[in-house]
1. With helices defined as uninterrupted DSSP H runs, which ones in chain B have an alpha carbon span along their own long axis of at least 27 Å and mean Kyte-Doolittle hydropathy of at least -1.0?
2. If one computes the Cα centroid of region C:21-35 and of region B:167-206, what distance in Å separates the two points?
3. What FRET efficiency would be calculated for the residue pair B:Val129, B:Ala155, taking the C-beta separation as r and a Förster radius of 35 Å, to the nearest 0.05?
4. Can you work out ³J(HN,Hα) from phi for every residue in region C:192-199, in order, using Karplus 6.51 cos²θ - 1.76 cosθ + 1.60 and θ = phi - 60°, giving whole Hz and x for Gly and Pro?
5. Just to confirm my numbers, what's the Cα centroid distance between region B:1-68 and region C:100-124 in Å?
6. By how many nm would the segment from C:Thr24 to C:Val201 lengthen if fully extended, with 0.36 nm per residue of separation less the alpha-carbon distance?
7. Given a Förster distance of 51 angstrom, what is the FRET efficiency for A:Glu96 paired with A:Thr56, based on the Cβ-Cβ distance and rounded to 0.05?
8. Tell me, how many Å apart are the Cα centres for region A:13-73 and for region A:79-147?
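Every read-out reported here was derived from the displayed coordinates using simple, explicitly stated rules and does not represent laboratory data. Here the structure is a predicted model, which is why all the values come from computation and not from measurement. Positions of Cβ are generated from backbone atoms using ideal geometry, with glycine treated the same way; all protein chains shown enter the neighbour counts.
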Amino acid sequence: MIRVHGLGKRFDDRRVFAGVDLDLADGLLLVTGPNGSGKTTLLRVLARLAAPSAGTLELPPRERIGYLGHSPNVYRELTALENLTLFARLYRVERERVGMLLERFGLWEVRNERVSTFSRGMQQRLGLCRALLHDPSLLVLDEPTNALDVQGLELLDAVLDEPRLHVVATHDATRFDARATERLVFA
Amino acid sequence: MTYIGDVGALARKDLLLELRAKETLPSMLLFVISALTIFHFALPAGTSDVAARGLLWSALVFTALLGLTRAFVAEREQGMFDALILTPCDRSAIWLAKSIAVLAFLAAAEVVALPAFAAFFHGLNGRTVAAVALADLGIVAVGTLFGAMAVAGRARELLLPLLFLPAAIPIVVGGVGGYLWFLVLYDAIFAVFAWGTFEYVVAEAA
Amino acid sequence: MKLPALTTVAFGAAVALIFFYAPTDADQGFSQRIFYFHVPIALTSYVCFGWGAWKALRYLRTRDERADLESYVAVHQGVVFGALTLVTGSIWARASWGVWWSWSENQLVLFLVLFLFYCAYFMLRYSVDAGPARMNMSAVYALFGVVLIPVSFLAIRLSQRFIHPVVFDSHAPSNMTGAQWLSFLVSLAAMLLLFATLYNVELAGKRIDAHLRELRELLGRRLDGGPQRAQAPALPAPERGPS
């Protein structure tokens with residue numbers, strides 16, 4: 001599903017990473033390293049959000065990719081339901097799935113409240129709903145544990161147990177160690 | 001049909017955001033009335049209609065600029081381009097929806113500004129109203145394209161006027177001179193251009 | 001090395017023709033000779049912008065970084081020639097009408113608009129971080145420019161009808177003689193050659209720059225190491241080493 005060879009990315013005079021080779025079908029690719037080491041940039045390339053400067057890559061089509069970045073990528077002034085309904089429309093997904101996901105992530109009760117009133121952890125949950133809406137075959141998560149409480153972390157674990165390819169970037173490797181089937185360490 | 005549906009959903013979202021935030025439209029309204037008031041004091045008594053009309057056009061272009069500067073703020077602050085460009089919806093639909101939303105704000109501001117202009121100065125003729133309507137289309141088509149470029153940069157609010165104003169000069173010429181055919185030509189050329197190139201502005205990878 | 005030599009020769013020939021061969025204008029006198037600089041510089045500027053847009057289109061088609069750089073250099077040269085057009089035009093206006101600026105001269109007004117538009121191109125480039133996003137936007141903007149040129153020209157012509165009560169006599173010679181044509185064409189050729197030379201020089205400079213940076217990075221990477229890969233279930237390797 002992901003097959004990249006000699007992948008490199010640089011911004012003008014700064015090389016972010018180079019020579020990344022990957023061949024993944026499913027499981028979990030764990031990307032670790034300190035802040036500013038290029039994890040986010042790699043994830044953006046793997047999610048088709050950024051173009052690489054070098055190397056060949058084979059990725060799923062963009063509508064098969066789910067992405068959750070540093071910010072939850074939802075509109076703050078819309079309600080949870082309005083956010084997901086908009087993306088359900090753009091992804092050509094049944095409305096029922098919106099309700100199902102809100103239920104699953106414990107947001108059904110607050111579906112008609114604006115995201116700006118949500119705690120950071122609830123926003124992160126809603127971001128996960130948005131990324132999972134179209135049942136992607138590749139799920140790219142950048143620091144997904146951000147602000148999640150114990151219950152939220154359990155929900156995240158359940159997501160990662162589902163059969164698809166996951167790419168997770170984190171500075172806290174221990175949490176995902178058991179699940180990781182492949183690792184990439186940035187220095 | 002899917003395309004129109006996508007545009008509708010996205011434009012509805014933009015209007016909803018404005019309805020909730022109430023930032024752009026009130027600012028545009030206050031701005032345009034303030035500008036017209038300033039023009040009253042800037043114009044010496046007995047100035048010709050043509051001069052007053054010229055000032056109306058400056059006011060409208062700068063009012064539009066104010067709205068365009070805010071157009072992509074929600075997308076920028078909440079990283080929404082990342083989420084939007086991964087959906088299978090055509091990227092040009094994002095441009096079209098945003099243009100429709102900004103057009104709605106601009107038209108709403110003009111519904112107040114034009115009668116105010118008529119009352120403050122020497123009245124209005126139908127040709128000017130038609131010219132304003134046509135000019136609005138070109139303004140939002142070009143302004144939304146450049147607005148998406150400006151939010152990607154560090155200078156942001158500073159950058160948009162620099163990109164937009166030189167390109168808006170023909171609109172002012174067409175408007176002040178009342179050349180409706182020229183405004184139609186401008187609208188058609190640049191709407192097609194912006195529609196075709198918007199995806200390169202918002203999406204880095206194919 | 002042929003191009004700079006050719007440019008020098010063409011320039012020498014152009015200057016000689018303009019000052020010693022072209023006839024002195026009956027109405028405007030000696031100062032009219034600036035026409036032979038002003039108009040070829042203006043035309044060269046259009047060529048620069050056109051070339052920049054062509055390279056921008058190439059970039060959007062192929063996503064080849066070299067095309068982005070070429071487009072940038074062409075637009076840069078276009079702005080330089082555009083500024084020269086404004087300066088020579090202003091001098092000419094001063095010499096023939098005693099004013100530094102004339103809004104009734106369409107070409108001059110158009111260059112003011114284009115100058116403003118293309119200066120913003122550099123603001124855009126400096127404002128956005130280097131990378132494919134910037135290349136895309138620069139390309140779209142450069143393409144927009146060539147569409148804007150004819151539209152603005154038309155607009156400026158239209159504006160003459162309602163803005164200018166007084167119209168100066170157009171100062172381009174209406175019926176050019178053979179000698180005038182020859183001087184004009186040689187000057188145009190010299191300007192185009194100058195553009196080609198400057199374009200090559202700037203491009204070579206930028207490429208050497210990029211090359212140097214790459215070498216420096218390569219050297220840095222040998223010292224720092226790149227991302228390391230480890231197979232599960234081995235623990236991530238914290239130590240550094242060449243990849």
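1. Numbers: long enough: B:2-21 (28 Å, 0.35); B:49-71 (33 Å, 1.16); B:91-120 (43 Å, 1.63); B:126-152 (39 Å, 1.67); B:159-177 (28 Å, 2.16); B:180-202 (32 Å, 1.60).
The qualifying helices are B:2-21, B:49-71, B:91-120, B:126-152, B:159-177, B:180-202.
2. Cα centres, region C:21-35 to region B:167-206: 41 Å.
3. Numbers: r = 35 Å, r/R0 = 1.01.
Plugging the Cβ-Cβ distance into 1/(1 + (r/R0)^6) gives 0.50.
4. Result, rounded to whole Hz: 5, 5, 4, 4, 4, 5, 4, 4.
5. Region B:1-68 and region C:100-124 have Cα centres spaced 26 Å from each other.
6. Full extension from C:Thr24 to C:Val201 adds 60.1 nm.
7. 0.80
8. Answer, in whole Å: 22.
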